[in-house]
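Since the structure comes first, as structure tokens, the remarks are kept for the end.
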Amino acid sequence: MAVGEMKFIRRRGVYAVGIMSICINNKKIRSTREAEIQRMVFQDDYGVYSRIKESTDLKRYCELEGYVNTLAFREKRKKIEHLVYRESECYRLEKKYKSLLKSPQLRAYYLMEKSSELKNYLKIRESKLYLRYAALRDQVRRGVLNRRAYPEKYAEYKQLEKQEALKEAIALEGKRKFVYYLKVKESGLPTEFEKLRAYVESETFRQEKRFLLDRNRYETTEDYKSWCEYEILKKRPDIIRYFLLSTDECFLDMCHWELVFEEKFTAGKPDQEKWLLLQEEGRNVPLKWGRREGKIGGEGQGCGTQLSTALSFRQCYGKFEAKIKLTNSSVEQYFGLRGEADIPRIEILKGSKDGIYMGNIVAPGRSRKNTLQLLNGLKYTEDYYIFSLEWTPERMVWKINDALVKEVVKDIPAIPLYLVLGVGGDDRQQIADISFPEEVEWIKCYKRKY
């Protein structure tokens, strides 16, 4: 099939009928060519559909679709796009840090913190002499130690006060700037300032500030990357095609069928491993060919000869179809299904001198008369047609080029039957001259997958 033909079909819909060029029983149907094109399109579509259905790309697309189309995603995007730096926590902390940088209290604190006086003081405070002095001073300040009650310890305290090694430390403790230093330290303000400084000088702060000041900030987010990925997947032709096919009832119905038997007659004659010759007596015998290759024939040839799959293929329920070109003669030509006995028997197609018929079930207690559907408007030797039967427990449907011909919902057989293909009639010479297998391009049988 040409690529242009496939595009022509898809432009009109995934499985469009196209131009109706054949009229049967006052009903226009698609041509055989278009019916075949549809099957080719289906094979192509099914390959894409199956590949995408199991792909990680489809899984990712569904995950993204379930996320980017949520209210939470839209609200998050809106929130990010409306962010203002001056209204952020980032700005508030930076502003507080800058304010503390100008604080006289902190300035005095850090001057003392970095001074040599404090360094010497801290060194003296670690000495045993200072520790003894500090213990006695504490007792004096609490009124526990005084000159009258403990003269010796009090004298020791006074002597330590005059020690050269302690004079510098004791003098600093009395200064106002040192008292102020201790007060600021106890307030926790320096700790808060250090935390703010660490944050403002961090890469985290710089990234947050840069993000908030960027007018295109949303485009730097993971959500934006996810949205872009979603849009790319959403516009991919094979994914678009997958979702179109997943809603096409005709396509999905065709997906239900699995090919289980096929004969293309490419060898110029039927495959002898598949077909047997059924003579008029009803006996299945090995297939033999007459002098003219391609003619149905066998031992003791009579007035009715059929090819059958009695030993190679039988099936209960399914879809059975064949592309056939009938011969205009008094000889009956037919395609159908039957079992070991003459009934039940399903006639998919019958061509005779009176016309072309479809749709008959021969079952116990069922009359054959007037059950065949005459196909008015279908001409012999004009073209090949695709004749098909869809057989389920609920109904049997006969079609030509996929157009409905007849439907039956009762007296449905429920046993495996085999294919029959053949000719019959009163004129032996005419039967011998008909190359029925050569007029059957292919036969295909399917079963339901599920």
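The values are calculated or read from the model by the stated rules, or taken from the named source; none is laboratory data. Predicted model only: the values in this text are computed from it and were never measured. Here Cβ is always computed from backbone atoms with ideal geometry, including for glycine, and neighbour counts include all displayed protein chains.
Annotations for the structure displayed:
- Here residue 129 passes the criteria (1) touching a Phe, Trp or Tyr at 6+ places or on another chain (Cβ under 8 Å); (2) of a type outside the set (Ser, Thr, Tyr); (3) over 18 Å from residue 103 (Cβ atoms) except the one numbered (1).
Listed here are the residues, each with its yes/no results for (1) at pLDDT 90 or above; (2) more than 23 Å from residue 316 (Cα to Cα); (3) among the hydrophobic types (A, V, I, L, M, F, W, C); (4) part of a loop (DSSP other than H, G, I, E, B).
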residue: 369; (1), (2), (3), (4): no, yes, no, yes
residue: 376; (1), (2), (3), (4): no, yes, no, yes
residue: 388; (1), (2), (3), (4): yes, no, no, no
residue: 394; (1), (2), (3), (4): yes, no, no, yes
residue: 406; (1), (2), (3), (4): yes, no, no, no
residue: 410; (1), (2), (3), (4): no, no, no, yes
residue: 423; (1), (2), (3), (4): no, yes, yes, no
residue: 430; (1), (2), (3), (4): no, yes, no, no
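- Selection of first residues in the range 258-270 that are closer than 15 Å to residue 420 by Cα and of second residues that are of a type in the set (S, T, N, Q) and surrounded by fewer than 17 Cβ atoms within 10 Å (Cβ to Cβ), restricted to Cβ pairs under 9 Å at least 6 apart or on distinct chains, gives the following pairs, ordered by first then second residue: 261/312.
- All positions within the range 108-150 that are under 30 Å from residue 200 (Cα atoms) and surrounded by 12 or more Cβ atoms within 10 Å (Cβ to Cβ): 108, 109, 110, 111, 112, 113, 115, 118
- Only a single criterion out of (1) charged (D, E, K, R); (2) in contact with a Phe, Trp or Tyr (Cβ under 8 Å, 6 or more places away or on another chain); (3) at pLDDT 75 or above is not satisfied by residue 345, namely (2).
- Single unsatisfied condition, residue 73 versus (1) in contact with a helix residue (DSSP H, G or I) (Cβ under 8 Å, 6 or more places away or on another chain); (2) at pLDDT below 95: (2)
- Selection from the range 61-98 of residues that are surrounded by 11 or more Cβ atoms within 10 Å (Cβ to Cβ), polar (S, T, N, Q) and farther than 17 Å from residue 214 by Cβ: 70
- Residue selection: residue 280 satisfies the criterion of being assigned by TED's automatic domain parsing to the domain that holds residue 424, acidic (Asp, Glu) and either at pLDDT below 95 or out of contact with any strand residue (DSSP E or B) (no Cβ under 8 Å at 6 or more places or on another chain) (or both).
- Single match in 330, 312 (criterion: modelled with pLDDT under 85, surrounded by fewer than 20 Cβ atoms within 10 Å (Cβ to Cβ), in the same structural domain as residue 375 (by TED's automatic domain parsing) and in contact with a Lys or Arg (Cβ under 6 Å, 6 or more places away or on another chain)): 330
- Checked against (1) surrounded by fewer than 14 Cβ atoms within 10 Å (Cβ to Cβ); (2) among the hydrophobic types (A, V, I, L, M, F, W, C); (3) closer than 29 Å to residue 109 by Cβ; (4) at pLDDT 90 or above, residue 165 passes all but a single condition, namely (4).
- Sole residue being of a type outside the set (A, V, I, L, M) and either at pLDDT 90 or above or outside any strand (DSSP E or B) (or both), chosen from 351, 300: 300
- Qualifying residue in the range 113-132 (condition: under 30 Å from residue 209 (Cβ atoms) and modelled with pLDDT of 90 or more): yes
- Qualifying residues in the range 17-60 (those that are hydroxyl-bearing (Ser, Thr, Tyr), at pLDDT 90 or above and surrounded by 12 or more Cβ atoms within 10 Å (Cβ to Cβ)) - the one farthest from residue 402 (Cα to Cα): 55
- Count of residues meeting criterion [assigned to a loop (DSSP other than H, G, I, E, B) and touching a Phe, Trp or Tyr at 6+ places or on another chain (Cβ under 6 Å)] in the range 304-331: 7
- For the range 337-359, the set of residues classified as buried (at least 17 other Cβ atoms within 10 Å of the Cβ) and at positive phi consists of 359 only.
- Taken over the range 221-262, residues that are at pLDDT below 95, loosely packed, with under 14 Cβ neighbours inside 10 Å and part of a helix (DSSP H, G or I) amount to 3.
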